[in-house]
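**Q** Dropping the structure in here first, questions after.
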Amino acid sequence: MLFDPTHHHPRDVYRHLIAAITPRPIAWVSTVNGDGQPNLAPFSFFNGVCPNPPTVLFCPTNTREGRRKDTVRNVEATREFVINVVPHRLARLMNATSEEFPPDVNEFAACGLATVPSVRVKPPRVKESPVQMECVLHDIVHIGAPDGPLAGNIVIGRVVLMHIADDVLDSNGQIDPAKLDTIGRMGGNFYSTTRDRFEMPRPEAKSRVDAKPPELAQ
């Protein structure tokens, strides 16, 4: 099958993208508006950028009507946000916060989640999350028309402080993926766990340098 995005509705393009780009890590993003009203919402177009400076990004799309989501508007207003990691045990609560609540609704309270104050930014953290990243805004890149249906917003943030629960660390002080037990987003309503893993060390540079092209291997 050949799929030309220019010949299809954005909703159909979206369905193929989210089904093909899998599994996707989930950024559970907490923000506040200009009046300090908390907001909490999950986004599965999320990843790291680099460690120096420590930078992450997540990409909220506009609604089908072309409205920018509360999270984007809050980050634009305050230039701060927190990314909370989602383990399997919090999957249902995370999913509950994906409902399109009115802007004046506090998702923490509506979905029964506890908050804990951040140290360097104003948005609160999800107390139950084992890893929380306090972030300040680096930039927002708008993709497509600002009021276009399902247009994108690349929110880039610098991590100024991380909170890591001791019970997800191994004996060397590193995050143990088995203890963290994160989930990933698949297509449709499907999610995946990270419990089925395999290890594959990266090739060392020396092995690539020493390798000779076939015509020279005589």
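The values are calculated or read from the model by the stated rules, or taken from the named source; none is laboratory data. Being a predicted model, the structure only gives us computed values, none of them experimental. Reconstructed Cβ throughout: ideal geometry from the backbone, glycine too, with neighbour counts over all protein chains shown.
**Q** Before we move on, is GLY188 free of Cβ contacts under 8 Å to residues at least 12 places away in the same chain and either small (Gly, Ala, Ser) or in contact with a His (Cβ under 9 Å, 6 or more places away or on another chain) (or both)?
**A** So GLY188 fails the test.
**Q** Scan the stretch 51-58 and give yes if some residue there is touching a Cys at 6+ places or on another chain (Cβ under 6 Å) and either among the hydrophobic types (A, V, I, L, M, F, W, C) or assigned to a strand (DSSP E or B) (or both), otherwise no.
**A** So far as the stretch 51-58 goes, no, none of its residues is touching a Cys at 6+ places or on another chain (Cβ under 6 Å) and either among the hydrophobic types (A, V, I, L, M, F, W, C) or assigned to a strand (DSSP E or B) (or both).
**Q** Also, quick follow-up: Regarding the stretch 64-79, can at least one residue be identified that is in a loop (DSSP other than H, G, I, E, B), in contact (Cβ under 8 Å) with a residue 12 or more places away in the chain, over 17 Å from the mean Cα position of the chain (by Cα) and within 21 Å of GLY187 (Cβ to Cβ)?
**A** The answer is yes; a qualifying residue exists.
The rows are residues; the columns are (1) modelled with pLDDT of 95 or more; (2) under 22 Å from PRO87 (Cα atoms).
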site: THR97; (1), (2): yes, yes
site: SER118; (1), (2): yes, yes
site: GLY144; (1), (2): no, no
site: ASP147; (1), (2): no, no
site: LEU150; (1), (2): no, no
site: ASN153; (1), (2): yes, no
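**Q** Condition check: surrounded by fewer than 13 Cβ atoms within 10 Å (Cβ to Cβ), in contact (Cβ under 8 Å) with a residue 60 or more places away in the chain, part of a loop (DSSP other than H, G, I, E, B) and of a type outside the set (Ser, Thr, Tyr). Does GLY36 satisfy that?
**A** yes
**Q** Can you name every one of the helices (runs of 4 or more DSSP H) wholly within the stretch 85-202 that holds 3 or more residues which are under 30 Å from ARG67 (Cα atoms) and either of a type in the set (A, V, I, L, M, F, W, C) or in contact with a Lys or Arg (Cβ under 7 Å, 6 or more places away or on another chain) (or both)?
**A** Because the criterion is at least 3 residues that are under 30 Å from ARG67 (Cα atoms) and either of a type in the set (A, V, I, L, M, F, W, C) or in contact with a Lys or Arg (Cβ under 7 Å, 6 or more places away or on another chain) (or both), the helices (runs of 4 or more DSSP H) in the stretch 85-202 that meet it are 91-96, 107-110.
Results for (1) aromatic (Phe, Trp, Tyr); (2) farther than 20 Å from CYS59 by Cβ; (3) exposed (fewer than 14 other Cβ atoms within 10 Å of the Cβ), shown as yes or no for each residue.
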| residue | (1), (2), (3) |
| --- | --- |
| ALA77 | no, no, yes |
| VAL105 | no, yes, no |
| VAL119 | no, yes, yes |
| PRO149 | no, no, no |
